[in-house]
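Right, one structure below, let's go through it.
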Amino acid sequence: VYVFYSEPDADGQPQRQRLVRFTEVDGVGREMQVILDDLPVGPECCHNGGRIKFGPDGKLYVSIGDAQRQERAQDLGSLAGKILRLNPDGSIPADNPFAGSPVYALGLRNPFGLAFHPLTGQLFASDNGPSGFDELNVIRAGANYGWPHVTGAAGDSRFVDPIWSSGPTSVAPTGIAFYTGDPASGGPGLANDLFLCTWNEGRLERLRLAEPAFDQLLSKENSGHTCQLDVVSGPDGALYFSDEGHIYRWGR
């Protein structure tokens with residue numbers, strides 16, 4: 001069981017972040033091992049990241065925010081504002097895009113959601129803009145997503161544009177997930193659609209992507225359900241999603 005957490009100081013402010021691993025024994029986590037320590041942390045509260053996800057390649061992907069120091073997102077010597085890629089023991093894969101570095105992609109501000117497409121294996125990430133221009137990005141090895149130089153779809157050849165941006169409206173995207181169950185269990189036509197939660201609006205958004213690469217947005221619509229924090233596709237074919245006080249289930 002892998003856990004990313006922020007450790008507070010005596011005043012309740014985050015003083016460091018860690019990625020650790022437990023071994024589950026009879027429902028209890030034992031033998032904690034530190035995978036990554038002293039990860040970048042914001043001076044006040046925010047942009048600390050912490051989403052973790054295993055990819056179809058067996059590697060562990062980790063999102064780290066810019067820790068409220070936006071210039072670090074472009075600095076390959078810093079882990080802030082990055083997506084990291086690790087072996088399960090915390091070592092650096094030999095085929096990472098930057099030799100000897102856990103950095104997989106850079107130029108991100110505050111990436112809250114990670115999800116792998118069930119057919120292509122491609123990594124997607126949501127990212128929060130400074131005031132509007134929130135993004136959904138297709139994350140590719142070694143790619144630069146522009147923060148803080150650009151936000152939204154800037155059309156700058158140095159950077160990769162998002163496949164969706166909120167424009168000047170701030171929706172604050174959080175968790176994302178692809179629906180992987182039987183379409184009949186969660187509703188007709190949901191298979192391989194991406195679901196995204198929005199903190200400000202409290203909505204579960206449904207995004208349809210264009211075949212065969214599934215890296216372009218066809219449409220986005222409100223599912224009619226409430227979601228602020230995270231969404232997952234369950235093994236029972238239902239979608240599970242949450243706000244500050246509830247966990248919801250959508251399915252038969």
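The values are calculated or read from the model by the stated rules, or taken from the named source; none is laboratory data. In this text, all values refer to a predicted model and were calculated from it rather than measured experimentally. Positions of Cβ are backbone-derived with ideal geometry, glycine not excepted, and every protein chain shown enters the neighbour counts. Keep in mind that these areas ignore ligands, DNA and RNA; they rest on the heavy atoms of the full protein, side chains included. Shrake-Rupley method; radii C 1.70, N 1.55, O 1.52, S 1.80 Å.
Scanning for something more than 21 Å from Thr169 (Cβ to Cβ) and under 16 Å from the mean Cα position of the chain (by Cα), does the stretch 86-100 turn up at least one residue? Yes, the stretch 86-100 contains at least one residue that is more than 21 Å from Thr169 (Cβ to Cβ) and under 16 Å from the mean Cα position of the chain (by Cα).
Yes/no matrix, rows are residues, columns are (1) open to solvent by less than 20 Å² (accessible area, probe 1.4 Å); (2) touching an Asp or Glu at 6+ places or on another chain (Cβ under 9 Å):
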position	(1), (2)
Glu135	yes, yes
Val150	no, yes
Val160	no, no
Gly175	yes, yes
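Residue-by-condition table, conditions (1) open to solvent by 60 Å² or more (accessible area, probe 1.4 Å); (2) at pLDDT 95 or above; (3) more than 17 Å from the chain's Cα centre (by Cα):
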| position | (1), (2), (3) |
| --- | --- |
| Phe178 | no, yes, no |
| Pro188 | yes, no, yes |
| Leu194 | no, yes, no |
| Val231 | no, yes, no |
| Gly251 | no, no, yes |
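Here the stretch 112-133 is the region considered, the condition is being aromatic (Phe, Trp, Tyr) and either touching a residue at least 40 places away in the same chain (Cβ under 8 Å) or touching a helix residue (DSSP H, G or I) at 6+ places or on another chain (Cβ under 7 Å) (or both), and the residue that is least open to solvent (accessible area, probe 1.4 Å) is Phe124. Listed by first and then second residue, the pairs with beta-carbon distance under 8 Å, at least 6 apart or on different chains, first residue in the stretch 212-223 and under 14 Å from Pro162 (Cα atoms), second open to solvent by less than 50 Å² (accessible area, probe 1.4 Å) and polar (S, T, N, Q), are Phe214/Gln122; Phe214/Asn192; Asp215/Gln122. When restricted to residues that are under 17 Å from the mean Cα position of the chain (by Cα) and open to solvent by 10 Å² or more (accessible area, probe 1.4 Å), the stretch 139-148 contains 6. Among the conditions (1) more than 23 Å from Gly107 (Cα to Cα); (2) surrounded by 18 or more Cβ atoms within 10 Å (Cβ to Cβ); (3) among the polar types (S, T, N, Q), Ser165 misses just one, which is (1).
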